[in-house]
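The values are calculated or read from the model by the stated rules, or taken from the named source; none is laboratory data. Quick caveat: nothing in here was measured; it's all calculated off a predicted structure. So basically every Cβ, Gly included, is an ideal-geometry build from the backbone, and we count neighbours across all protein chains shown. Heavy atoms of the whole protein, side chains included, go into the accessibility calculation; ligands, DNA and RNA do not. Shrake-Rupley method; radii C 1.70, N 1.55, O 1.52, S 1.80 Å.
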Amino acid sequence: MTAAATETASGPGAGETPPQPVPALEKFGFAEFRRTAAIGTTIGSRVTRRVLRQGLRPAKRRRAMAEGTVDGFEALGPMFVKLGQLIASSPASFPDELADACLRCLDDVPPFPATDARAVIEADLGAPIDRLFREFDDEPLSAASVAQVHACVLADGRPAVLKVQRPDIARRMIVDLRAAYRLAGSLTKRSENARIANAEGVVRDLYDTTVAELDFRNEARNQAQARADLSAFGDNTGVVVPEVYWEYCGPRVLCMERMRGMPLDRFDDIRAAHPDPELLIRRLVKAWVESVVVHGLFHGDVHAGNLWLLDDGRAAMLDFGIVGTMTPQWRAFVRALFHASAIDGDFRPVARALRELDLLDGDDGDDATIGRQLATALAPVLSGKLAQLDMGKVAARLVEFGKRRGASGPQQLLLMGKQLGYFERYAVALAPGWRLGQDLYLFRNIFPEEVTAKVAAEGIELPAD
């Protein structure tokens, strides 16, 4: 951890409580048995109702079953809405009908009463609302499956927002996920679609993510670290991560600096408000790529609701409940990949990085041979226009490359690829001619000497910040 990060994360609540033991996903008691029955009954009845209403012909039946499943998700509550969000945000991993139906789950969910929010805040922070805050708005700014956000003014006058966890959501979500895991195992044995979608793996990944998310002190530490990392080189002034106000944080409450702006997917409004939307995207991706390659901790959920254009013209990264962590070995691999794409086209260091990760053996050929194969698979994706190519294919092709050799990429590499897919969608709308893999600006702090030399040789002018 850098000195800056240590200072940022040294306030009240930062690192004082050891991690809580993770409850076992496989545990299955009476509560899980009862919930499993309720889940099966609820989804089964909704699916049956939709099929009878929409018809039994194969195409209509598939769509009706998907819509009925999502009806069931919505009836079962926040955990299943979150499962629907995961499916909607990873459409390539699920049947089209189900992924399309789950788009409904991306809408805001109904808020919970302000009296409950106040009770959670007071229990976590140990004082009445009127002693903690100069102002507190009972009407939430937004509500999601796990928490909702309230505006407030701190005792010293700073405007802030509080992310407040839904009451009793932790216990309910853990029981729901245990029940869902048991159902996923049953479905996998009976359904080819469930096997293809890796239903058990989806639930396990969601469980791991959810358990970490349910202690907001983890998110606070991630956010504080990301904020410190952002300023490491002194030039990411066009991007901001909100400051965490540690003295107002607890296991179920996260307090931070208030930001005002609009989500990145309001494309027409973004174009009207920002003089250079392409530069806006480049700044965001530069900061994010540095977090992957240099720092290791990166934002793992960069959908538009978590990326904003602020009223002052800066871009903001919000909500660090989901993050990825690249190990030094995988950072070296990604670094070599970008060096080949942006600097010299030499994929031999990428092959060497794969050997360091034990993803190649002596029978696979020398570095030059493997490098040529990697160049064939990846160079067109990395160098193409984002308007024409899906950057998420980078991770997918790497995984395919590894699987042909009896290995597979880590979950963090797949998470990285998913975020590249998000950035690709924003770039298509706001920077259609931009080439991520060949933009020297993104790599100025990663390969400083090489970028300086190449900029001078090619007569390129890079943005100042």
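Descriptive notes on the structure:
- With every protein chain in place, segment 126-178: carbon and sulfur % of accessible area (1.4 Å): 50
- Mean sequence separation of contacting Cα pairs (under 8 Å, at least six apart), scaled by the length of segment 205-339, corresponds to a relative contact order of 29 percent.
- ³J(HN,Hα) computed for each position of segment 338-349 - Karplus, 6.51 cos²θ - 1.76 cosθ + 1.60, integer Hz, glycine/proline x: 5, 5, 5, 6, 9, 9, 9, x, 9, 8, 5, x
- Converting the Cα gyration tensor eigenvalues of segment 114-167 into ellipsoid dimensions via √(5λ) gives semi-axes, longest first, of 17, 13, 8 Å.
- 20 Å Cα-Cα threshold exceeded, pairs from LYS27/LYS418; LYS286/LYS418; LYS286/LYS454; LYS82/LYS163: LYS27/LYS418
- Working from Cα pairs under 8 Å separated by at least six residues, relative contact order for segment 92-216 is 19 percent.
- A cut-off of 5 Å between modelled amide H atoms, ignoring neighbours fewer than 5 places along the same chain, links VAL239 with ALA315.
- Residues of segment 114-167: accessible area per residue with a 1.4 Å probe, Å²: 44
- When the solvent-accessible area of segment 28-105 is split by element, carbon and sulfur atoms take up 59 percent of it, the probe being 1.4 Å.
- ARG260/GLU139 FRET efficiency (R0 22 Å; Cβ-Cβ; nearest 0.05): 0.85
- Between the beta carbons of ALA127 and ASP208, assuming R0 = 35 Å, the FRET efficiency works out to 0.55 to the nearest 0.05.
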